[in-house]
Amino acid sequence: MAKKPAAADKKKAADNTKTISENRKARHEYEILDSLECGLMLQGSEVKSLRNGKVSLDEAYGRVKDGDVWLVGCEIPEYTQATIWNHAPKRPRKLLIHKRELVKFAARAKEKGLTLVPLRLYFNERGFAKVSLGLCRGKKLHDKRDTMKAKTMKRDIDRAMRRT
């Protein structure tokens, strides 16, 4: 029995993920230098709300505190059927990262001008909630304009190539 190549396994695993929320504004506002997949410590009612697709990453950011990384400002609304065992919608949530990744990632996050921004929240193929956390540097207004100009030029070139 032949063994599958590792690249095929990764592609298959990527197809099995279910994206809950994507922070598209972050890709416009920040230059993404590096990204890291993190697990989340959630309560049961939070998982139910995520399965319903209710989450907001717009104002969320990562914070390194006491040797741990926390997701702050992420709003997961209350699950209506959870009654008295519901969660607080904007509570800080601990991110699960290996120690060696934490040391490397947190050291870079403390550099001036860098911030940790959640890029995507999803369920992986095993059904665990994961966050793709990006190490980002804020773009200046002229950088945003350059990016938009480059996208427009690329789109125009692609249209011209399709016509011919």
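The values are calculated or read from the model by the stated rules, or taken from the named source; none is laboratory data. The shown structure was predicted, so the numbers you read here are calculated from the model rather than taken from an experiment. Backbone-built Cβ (ideal geometry, glycine too); neighbour counts: all protein chains shown.
Residue-by-condition table, conditions (1) among the aromatic types (Phe, Trp, Tyr); (2) exposed (fewer than 15 other Cβ atoms within 10 Å of the Cβ); (3) in a strand (DSSP E or B); (4) under 11 Å from the mean Cα position of the chain (by Cα):
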site	(1), (2), (3), (4)
47	no, no, no, no
53	no, yes, no, no
84	no, yes, no, no
105	yes, no, no, no
117	no, no, yes, yes
122	yes, no, yes, yes
126	no, yes, no, no
135	no, no, yes, yes
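Under the condition of being closer than 25 Å to residue 102 by Cβ and touching a helix residue (DSSP H, G or I) at 6+ places or on another chain (Cβ under 8 Å), which residue from the stretch 69-86 is modelled with the lowest pLDDT? Looking at the filtered set, the residue picked out is 76.
The set of residues in the stretch 87-102 that are within 20 Å of residue 132 (Cβ to Cβ) and either modelled with pLDDT under 85 or of a type in the set (D, E, K, R) (or both) comprises 93, 94, 99, 100, 101. So in the stretch 114-164, with the set limited to residues that are of a type in the set (S, T, N, Q) and within 30 Å of residue 76 (Cα to Cα), which one is modelled with the lowest pLDDT? Here the answer is 115. Looking across the stretch 46-100 at every residue that is of a type in the set (A, V, I, L, M, F, W, C) and touching a Ser or Thr at 6+ places or on another chain (Cβ under 6 Å), the one that is farthest from residue 26 (Cα to Cα) is identified as 82.
Considering the stretch 90-103, the residues that are under 18 Å from the mean Cα position of the chain (by Cα) and not in a strand (DSSP E or B) include one that is surrounded by the fewest Cβ atoms within 10 Å (Cβ to Cβ), namely 98. Restricted to the stretch 17-36, and to residues that are assigned to a helix (DSSP H, G or I) and touching a strand residue (DSSP E or B) at 6+ places or on another chain (Cβ under 7 Å), which residue is surrounded by the fewest Cβ atoms within 10 Å (Cβ to Cβ)? The selected residue is 29. Here the condition is being buried (at least 16 other Cβ atoms within 10 Å of the Cβ) and of a type in the set (Gly, Ala, Ser); of 39, 62, 67, it holds for 62 alone.
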